Amino acid sequence: MGGTGVIGDMAETTQVRDGDSEALATLHRVFGYDAFRGEQEAIVEHVIAGGDAVVLMPTGGGKSLCYQIPSLVRPGTGIVVSPLIALMQDQVDALRALGVRAGFMNSTQDFDERRVVEAEYLAGELDLLYLAPERLRLDSTLDLLSRGKISLFAIDEAHCVSQWGHDFRPDYLALSLLGERWPDVPRLALTATATDATHREITERLNMPAARHFVASFDRPNIQYRIVPKSDPKKQLLSFLREEHPGDAGIVYCLSRNSVEKTAEFLSRNGVEAVPYHAGLDAGTRAAHQSRFLREEGLVVVATIAFGMGIDKPDVRFVAHLDLPKSVEGYYQETGRAGRDGLPSTAWMAYGLNDVVQQRKLIQLGEGDEAFRRRAQSHLDAMLALCETARCRRGQLLAYFGQDPDGAGCGNCDTCLTPPETWDGTVAAQKVLSTVVRLKRERGQKFGAGQIIDILLGKRTAKVIQFDHDQLSVFGIGEELTEGEWRGAVRQLLAQGLLAVEGEYGTLVLTETSGEVLRREREVPLRKEPKKAAAARPAGGGRGERKAKAAAAELPAELVPAFEALRAWRAEQAREQGVPAYVIFHDATLREIVTVWPTSVGQLGGISGVGEKKLATYGEGVVEVLAGLEGPAAAAPSAPDPATGPGTGTASRSDADDWPEHEPEPEPEDWI
Ligand code: ADP
Ligand code: ZN
């Protein structure tokens, strides 16, 4: 034996057990689910038969079952490698609530706790064991694992092995040794990052040449994608939350610690309960905030990208970005944290000229060699293309991940719901570019976007007068557009590569292609800037119609009290056991319960998400709660009531009128 090729062959030769039906039986019995989703069944079968697998599935796609079921079916313990130490306790608690014998070993445990887990593993009493990669590579851990029986290795967040990816962790590189040391144990690498480059790197670096590859659809149809022009981001965010997500749990991403703190404070002051999360907070505060997010309903976490990986809270209703993410990969992972339960959710982003200028500047001034810079630049270009597209956002995202989008548009993104108008911006582009040229040629000067726009608008600001810019022939040639429209034009020229940013002060300079515009060899179509905030919100309709409270959405009105009663009961159970509410039952399960209205524990057992252990633990409790309520008026629940439809947006719509026209300059320390 030896060599990884052997593992692949085993898929053909190991057919001792009827893994298929055992897998399905386990899915019913333990998880209470009716059927596998998409590729899950093929993956589970393949791994149970001893094969290696590389699994690419979007966040919320159902990756965990792909290794949990084989770990339950195959003899021995499934070793799950995960970088997420802070979440291991919750993951294990959730599994134990399902009756799965799960454990973890990490630095949060004391010696005695670890000894207990070690003993359980050696005695074959664990179905699943969670470990961080830095622990796994220790000789002592490898020795321990050798003394027990391993059913499989699951390498979660496998993109962390990719050096050029957005989340590299050096300890992942050592995982290639698993295949050499345990050639007979199947390995699964799982990730929600789907570009070809990452995919290739995972396969190579984890040394899995014989693995079968499973690439699921990356579409997340329940997430509505929207990108709005940034004017006063905090206020825009507040309107978005008040109008569309009152009382909902969600994540707000900012680039800097400073803006995380300020935004959390601002939201809290304005009646939206929010806590900050970033690497500058001490570990205890971070853990406490994360734990509150998982346990409480309707808390907002404002965070840098340090937050959220592996968080499996199913009812995150929105993910908002106040700053431009550095790559489409990062954006898609972050937004993917919304709506794991399949209910309507929103991915909302405010994006403006300063984002483009600052990000370009960061890349130029940042560390790393030329190749690194080029890579960062192309990541950013793809992100900008997504922001500026007039096509379906979902289509663009799926195409980025190499998947064929539906040509007709998704009907659930801002560009599908409110198609943007385009206009011929060739002349406007020429005006911007010739102002840049004049300053450079005639005076050897370079200025940022603000000064260029002031010159075009013919504004005699102190800085314009100081440099005699009112004497230029281009002074005041752009009065046909508003300041906001000029900012939009400059932003789009930057995104299209017709203009570039240089140096510490973000001055504007021409690119190789600028000449084509100046020589009238190239037309420049531009997107129209929405005039008001309200325009940023789609008119509604389509399958993405918003609900004020997605959790109760589409429930007939007469069932809502029962749903709320069950939620209250669930909250009490969760408090008593010190686990997040969703560990007891998901919202989706509670909704099905009130729709079916079981009058016996037996009837409850048929509901999706109610497995054997949960039925035994909570069955009587649930039936009791329902028995104490008035049942549904008629046996058959009525159709959804349109009156419970989209949330009222009228109250705070008028906020839009208060918006300052200017995009505020970011504080310098805001861009670290
Ligand atoms: P991922 O790890 O890919 O982000 P999860 O494994 O956390 O996704 O699954 C996302 C959600 O979908 C979870 O709430 C999970 O319970 C649910 N789920 C996964 N597979 C199924 C299935 N076959 N039937 C019903 N629900 C499922
Ligand atoms: Zn669309």
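The values are calculated or read from the model by the stated rules, or taken from the named source; none is laboratory data. Remember, predicted model here, so these are calculated numbers, not experimental data. Positions of Cβ are generated from backbone atoms using ideal geometry, with glycine treated the same way; all protein chains shown enter the neighbour counts. Keep in mind that these areas ignore ligands, DNA and RNA; they rest on the heavy atoms of the full protein, side chains included. Shrake-Rupley method; radii C 1.70, N 1.55, O 1.52, S 1.80 Å.
Odds and ends about this structure:
- Helix 233-244 axis versus longest C-alpha principal axis of the chain: approximately 50°, rounded to the nearest ten.
- Alpha-carbon centroid distance for the pair segment 512-529 / segment 598-632, whole angstrom: 64 Å
- Ratio of Rg to Rh over the chain (Cα coordinates, Kirkwood Rh, two decimals): 1.00
- Solvent-accessible area, 1.4 Å probe, carbon plus sulfur percent, for segment 290-392: 53 percent
- Just the protein heavy atoms count here, and of the accessible area of segment 8-215 at 1.4 Å, carbon and sulfur take up 47 percent.
- Global form of segment 299-354, assessed from the alpha-carbon gyration tensor, a/c cut-off 1.5: prolate
- At R0 = 56 Å, FRET efficiency that the Cβ-Cβ distance of Thr599 and Glu204 yields, to 0.05: 0.50
- Between 0 and 90°, nearest 10: helix 560-577 axis offset from the chain longest Cα axis: 70 degrees
- Span from the segment 17-90 Cα centroid across to the segment 484-505 one, whole angstrom: 47 Å
- In whole percents, the pair-distance distribution calculated for segment 554-640 from its alpha-carbon pairs, binned every 5 Å from zero, is 3, 15, 28, 28, 17, 7, 2, 0.
- Computed from Cα atoms, the angle from the helix 370-388 axis to the main principal axis of the chain rounds to 90 degrees.
- For the residue pairs Lys234/Lys463; Lys361/Lys459; Lys63/Lys313; Lys230/Lys361, the alpha carbons lie more than 21 Å apart in Lys234/Lys463; Lys361/Lys459.
- In nm, spacing of pseudo-spin labels at Glu630 and Ala197 (7 Å Cα→C-beta vector): 6.2 nm
- Only Lys, Arg (+1) and Asp, Glu (-1) charged, at Cβ; segment 554-640 dipole about Cα centre in debye: 220 debye
- Cα centroid separation, segment 230-288 to segment 459-479 (Å): 39 Å
- Principal axes of segment 126-217: Cα extent on each, largest first, Å: 38, 24, 22
- Taking the Cα centre of the chain as origin and assigning +1 to Lys and Arg Cβ atoms and -1 to Asp and Glu Cβ atoms, the resulting dipole is close to 1100 debye.
- Square roots of five times the Cα gyration tensor eigenvalues for segment 8-215, Å: 22, 22, 17
- Stokes-Einstein translational diffusion, segment 223-351 - Kirkwood Rh over all Cα pairs, 0.692 mPa s, 37 °C, in µm²/s: 230 µm²/s
- Each 10 Å bin, from zero up to the one with the longest distance, holds this percent of the alpha carbon pairs of segment 356-395: 29, 45, 21, 6.
- Percent accessible area from carbon and sulfur atoms, segment 554-640, protein chains only, probe 1.4 Å: 54 percent
- Spread over its residues, the convex hull of the C-alpha atoms of segment 423-527 is 96 Å³ per residue.
- Rolling a 1.4 Å probe over the heavy atoms of the protein chains gives segment 423-527 an accessible area of 47 Å² per residue.
- Entry note: segment 309-405 has Rg to Rh equal to 1.00, where both radii use alpha-carbon atoms and Rh is the Kirkwood radius.
- Accessible area (Å², per residue) of segment 59-103, counting only protein heavy atoms and a probe of 1.4 Å: 24 Å²
- The label-point distance for Ser291 and Ala279, in a model that sets each label 7 Å from Cα toward Cβ, rounds to 2.4 nm.
- When the residues Leu98, Leu365 are ordered by accessible surface, computed with a 1.4 Å probe over the protein chains alone, the sequence from largest down reads Leu365, Leu98.
- In this entry, segment 225-268 is assigned a mean projected area of 3.5 nm², taken as a quarter of its C-alpha convex hull surface.
- For Val116 and Glu261, the FRET efficiency from 1/(1 + (r/R0)^6), where r spans their Cβ atoms and R0 equals 60 Å, is about 0.90.
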